[in-house]
Structure formats: structure tokens, C-alpha cells
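All of the numbers you see were taken from the coordinates with simple rules; none came from a lab. Remember, predicted model here, so these are calculated numbers, not experimental data. Because the Cβ atoms are built from the backbone with ideal geometry, glycine has one as well, and the counts that use them run over all protein chains shown.
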Amino acid sequence: MALPTRVKIVEVAPRDGLQNEKTFVPTEVKIELIDRLSAAGFANIEAASFVSPKWVPQMADGAEVMAGIARRPGTIYSVLTPNMKGLEGALAARADEVVIFGAASEAFSQKNINCSIAESIARFEPVAQAAKAAGVRLRGSISCALGCPYQGEVPIEAVVDVVRRYMALGCDEVDVADTIGVGTPRRVREVMSAVTQVIDPARVSGHFHDTYGQSLANILASLEAGIGIFHASASGLGGCPYAKGATGNVATEDVLYMLRGLDIETGVDFDAVVDTGQWISACLQRAGGSRAGNAVAAKRAA
Ligand code: HMG
Ligand code: MG
């Protein structure tokens, strides 16, 4: 299949990137991160989570973050909403898109959101209805679509089943997430091919954590399967508190570098993302986590 000429990158550093940081990242740093990413031209930024602060303390300031950002016209600011309480917070914060997040693995569903897959879908039903009634976009994320830290192998049919359930809830977009970064290109192609039998590929995204260094290869395999939306995190920040040992999302700078080499447009300013990746890494007192970002920064310093 011919590769797309344009893809959408969803920048998830402010949410997936920061949620697992042990030390509380000040609200003004979160706001500056989002403002920098907005200025870099992202069409979609995952900005915050409206989840229990006991479960994920780092995301407790979602309302303040959403109130403080400078919104770029045309950018969709998304937030995670596991239940009605989260949805109410999201609507009050004027989120453009809410994300319900379930799993293709029962064990992970229990650990992450404290209920079974079937219970999670029942819990998402009123959230989806209220989001639709409010005219807000709805996205559904499927964790462990390529493997689970607790149960290991995840059948492709389990992923497809959640896709069907999300479509029945009215999701505008569905994320196929490799939470622990175990997937490899052949399996990714198989999963994406199966998923796109039941949903328009234009509504599917790939969300790859880079634990085993497979993300870029998996993105290429997804592109070949007709997928045109990818999640990435500046400087490769991130990880899920309920997926021990899993590292961050694929670094946005690395994805942009690869896509540029493939003549695929994103509308995102690569240099601005390199700056942002280096800046947020310095804020967190660590070395940059993007190979491409570090290479550019080293070249500039030479
Ligand atoms: P629970 O304890 O089963 O729910 O948590 P509950 O309804 O019994 O509520 C317990 C307490 O939490 C109550 O407070 C609620 O008010 C409060 P208390 O009475 O004890 O003081 N609460 C909330 N507070 C604020 N906002 C809310 C909210 N809901 C309840 N929305 C729940 C169930 C889902 C809430 C909990 O398990 C939770 O918040 N989990 C968060 C999980 C999470 O954020 N994980 C990381 C994001 S997912 C991810 O990273 C994967 C992804 O990147 C894709 C991939 O890579 O796989 C998307
Ligand atoms: Mg994730």
C-alpha cells in the first residue's frame, strides 16, 4: 500500500509523558510545555488527565493546566476521562476531546482502572453519551493491544472486540496502544490489518511505547497498513504507572525526522520540537531522550 502523504501526530508528552514522573512537575512547567507544543504546530495535544489524584497524583492539576494554556486555533486539546467525574471536569475545563481508556487485557484493565473490560465499557457509556451531547470529540484508547505486562500474549480478536465496542459508543478515533512496547512490525501489521477490517483506517491511531526500541519500525509497518495518526512524546518522555518497566512513548523528534525522510507532511516545526524536548528534559534534570533531538542539539553546539 502507498504511504500517506500527510499524517497527524498527537503530542502526548504533557499527559503520557509526565504522568509517571515521581516528583510533581509544577503547573507552570506543564503549561509552558503545552504552549511550546502548540506553537510548534501540533493539531492535537493530549494535555491532561481527569483521573483520581490518589491513583495518579502527577495529573492532579489538570483543571489549572487547562485554564492556563494559550489555545492555538485549530489544535485539539484532549484529556483522559475514565468516568463521569472525569468527564465533568473535562467539560468544565473546555477540553476539545475526551479519551476513554480501556484495555484488550483483563488483567491490565483491573490494574489500571480497577474494573473488568465489560465493566469499563459500561462505565464509558454515560461518558460517551455526555461527550456527544456536549459536542466534544470522543477517542477510545486500547491498552495492551500488542501484549500485556500481566497476562503476556493478547489475542488480536480481543483488540478487535474493544474496537467494535468503542465504535458502538460513538468514538471518533481509536488508539491501538502498545503500552509496554513489546510489539514488532509483523504483529503490528496483523493487528492493524484486523482492526481496519472493522473501522475506517482514517480513524485509527498507533500509540507506541519504545521499551524495546521497536516504535519507529512499528510506525512504518502501521503506515504500510494505511494508518495515518500516531502518538508521540517530546524527548520520549513517559510511561504508565500501571505498566512497570515500560518506558516512554516514541520520541516525537525521531518520528518527525523519519517522516520528513519519507516526504510525509505533519505541519509540525521539527526544530521547535527539538528545542522543546531539550527544554523539558532540562526541566526534569535529565538528558534528552530523543536520538534525533540529541543529534541536532549536539550539531548546533559544535
Ligand atoms: P476507583 O477507586 O475504582 O473509583 O478508581 P471510585 O469511583 O471508587 O473512586 C475512588 C476515589 O477516586 C473517590 O475519592 C473518587 O471521588 C475519586 P474518595 O471518595 O476516595 O476521596 N475519583 C476521582 N477523582 C478525580 N477525578 C476522577 C475520579 N474518579 C474517581 N475522574 C478510577 C477508578 C478509574 C477513577 C481510577 O482507577 C483511576 O483514576 N485510574 C487512573 C488510571 C490512569 O490514569 N492511568 C494512566 C493513564 S492510562 C495510560 O497511560 C495508557 C495509555 O497511555 C495507552 C497505553 O499506553 O496503553 C492511554
Ligand atoms: Mg501510553
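Based on the Cα coordinates of the stretch 256-296, what is the per residue volume of their convex hull in Å³? Mind showing how you got there, number by number?
Numbers: hull volume 2.5 nm³, N = 41.
Looking at the stretch 256-296, the number lands at 60 Å³ per residue.
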Within the stretch 89-227, the percent of DSSP beta bridges that are antiparallel, given to the nearest 5, stands at 5 percent
Between the modelled labels at Ala133 and Ala43 (7 Å from Cα along Cα→Cβ) the distance in nm is 3.1 nm
Sorted by number, the cysteines in the chain with no other cysteine beta-carbon under 4.7 Å are Cys115, Cys171, Cys240, Cys283
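Can you sort Thr276, Thr252, Thr266 by how many other beta carbons sit within 10 Å, fewest first? Don't jump to the answer; show the numbers that get you there.
Details: Thr276 25, Thr252 35, Thr266 21.
Fewest-to-most Cβ neighbours within 10 Å comes out as Thr266, Thr276, Thr252.
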Would you be so kind as to identify which of Ile76, Ala243, Ala232 lies farthest towards the positive end of the dipole of the chain, taking Lys and Arg as +1 and Asp and Glu as -1 on Cβ and the Cα centre as origin? Ala243
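Please work out how much length the chain gains when fully extended from Asp263 to Glu64, using 0.36 nm per residue of separation minus the C-alpha to C-alpha distance, in nm with one decimal.
Numbers: separation 199, 0.36 × 199 = 71.64 nm, distance 3.83 nm.
That pair, Asp263 and Glu64, stretches by 67.8 nm at full extension.
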Can you show me the helix-derived [θ] at 222 nm for the chain, built from DSSP H runs with n ≥ 4 at -39,500 (n - 2.57) apiece and divided by the number of residues, rounded to the nearest 500. -12500 deg cm²/dmol
I need the peptides 210-217, 96-103 ranked by packing, meaning the mean over residues of other C-beta atoms within 10 angstrom, with the highest value on top. 96-103, 210-217
What share of all Cα pairs of the stretch 43-84, in percent, falls into each consecutive 5 Å distance bin? 5, 23, 29, 23, 12, 6, 1
Sort the chain into rounded, prolate or oblate with this rule: let a ≥ b ≥ c be the square roots of the eigenvalues of the Cα gyration tensor; rounded if a/c is under 1.5, and if a/c is not under 1.5, prolate when a/b is larger than b/c, oblate otherwise. rounded
Give the aspartates and glutamates reachable from Lys132 as a straight Cα distance under 15 Å; neighbours fewer than 8 places away on the same chain don't count. Glu88, Asp96, Glu97, Asp172, Glu173
Restricting to Cα pairs under 8 Å and 6 or more apart, the percent relative contact order of the chain works out to 19 percent
Provide the percentage of antiparallel DSSP beta bridges, counting only those with both residues in the chain; round to the nearest 5. 5 percent
From the cross-link list Lys8/Lys54; Lys8/Lys30; Lys22/Lys111; Lys30/Lys54; Lys54/Lys244, the entries with a Cα-Cα span beyond 25 Å are Lys8/Lys54
Separation in nanometres of the label points that stand 7 Å from Cα toward Cβ, at Ala282 and Glu21: 1.5 nm
What is the distance in Å between the Cα centroid of the stretch 181-249 and that of the stretch 19-91? 22 Å
Only sites in a loop by DSSP and with at most 16 other Cβ atoms within 10 Å count here; which GluC sites (Glu not before Pro) in the stretch 98-182 make the cut? Glu153
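Taking the Cα centre of the chain as the origin, how large is its charge dipole in debye, to the nearest 20, when only Lys and Arg (+1) and Asp and Glu (-1) carry charge on their Cβ atoms? Please report the intermediate quantities before stating the final value.
Working: 28 positive and 33 negative charges, 39 e Å.
That gives the chain a dipole magnitude of about 180 debye.
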Within the stretch 63-159, trypsin sites (Lys or Arg not before Pro) in DSSP loop having at most 16 other beta-carbon neighbours inside 10 Å: Arg71, Arg94
